[in-house]
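Down below is the structure, laid out as C-alpha cells.
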Amino acid sequence: MAFELPQLPYAYDALEPHIDAKTMEIHYSKHHNGYTTKLNGALEGSGMESDTIESILENLDMDNAALRNNGGGYYNHSLFWEVMGPNGGGTPLSTLAQAIDAAYGSFESFKSAFSNAAANQFGSGWAWLCVQKGGKVEVCSSANQDNPLMPGIGCGGTPILGIDIWEHAYYLNYQNRRPDYINAFFNVINWEKVSELYEQNK
Ligand code: MN
C-alpha cells in the first residue's frame, strides 16, 4: 500500500490573504506531492510498506536520509494542511487552552514562544507545539523535514500544531519577512482541529 497525497481540505485560495493561492498550489501539488512520491520510493523493498507513517518515523534509522527527509516531509505537510483553515484564528479550546496556560502562563506568552521558535530556527525547518503523554504541551523547532516523532528530535511527544518555515512556504508573498508570515499564520490556525489532536494524543 503506497502512501497517497492527502486531499487538501480547502481550496488553494481559502487562506488568502494570509497565505496566497499560488504558494498553496505549488506547496501542495509540487512539494508535498514530491515528498509523497519519494517516500514511496524510499520504502520500496524495506519491509515497512504497510507501517503507519507514525511508526515509520518513531522507529526511523536517522542515517537513512531518503526516508528521514521524505517520510518527514510527507507527515509534516499532512499535519500542516489540517491545522490551518479558512475560518481559523482565535484561541485554543477548553483543555488545550488550560494546558497552554499551565505551560506558558497565557496564550500571548505561548504565541511569543512559538513565534520565537519559528523565527529563530536557522535555515529550513519547522516549529511545533507538541503534547506529551499526561497532557503537558511544549514548543520546539526542528531542522529540514525532521519532526518530534523521530528519535532524539525536538521536544518529543506528538506534534499537534506545526508551521513550515521553509522559504517555499512564504517567499512568494512575504519574501524574506519570515516574522510577518509567522504572525499571519496565527490568523489561519484551526484551533478546533488542534484541540482535537490534543485530546487524541494527550
Ligand atoms: Mn513545505
Can you give me the Kirkwood hydrodynamic radius for the chain, using every pair of distinct Cα atoms, in Å to one decimal? 17.1
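Could you sort 68-75, 115-122 so that the peptide with the highest average Cβ count within 10 Å comes first and the rest follow in order? List each step's numbers first, then the result.
Numbers: 68-75: 23.2, 115-122: 16.5.
For the peptides 68-75, 115-122, the packing ranking is 68-75, 115-122.
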Eight or more residues apart or on different chains, and alpha-carbon atoms under 26 Å: count the Lys pairs in the chain matching that. 14
With -39,500 (n - 2.57) per DSSP H segment of 4 or more residues and division by the full residue count of the chain, the 222 nm estimate, nearest 500 deg cm²/dmol, is -13000 deg cm²/dmol
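Rounded to the nearest 20 debye, what is the charge dipole size of the range 19-202 about its Cα centre when +1 sits on each Lys and Arg Cβ and -1 on each Asp and Glu Cβ?
380
Values quoted throughout were computed directly from the atomic coordinates according to the rules given, and no laboratory measurement underlies them. Please read these numbers as outputs of a predicted model, since none were measured by experiment. Don't worry about glycine lacking a Cβ; one is built from the backbone with ideal geometry, like all the others, and counts go over all protein chains shown.
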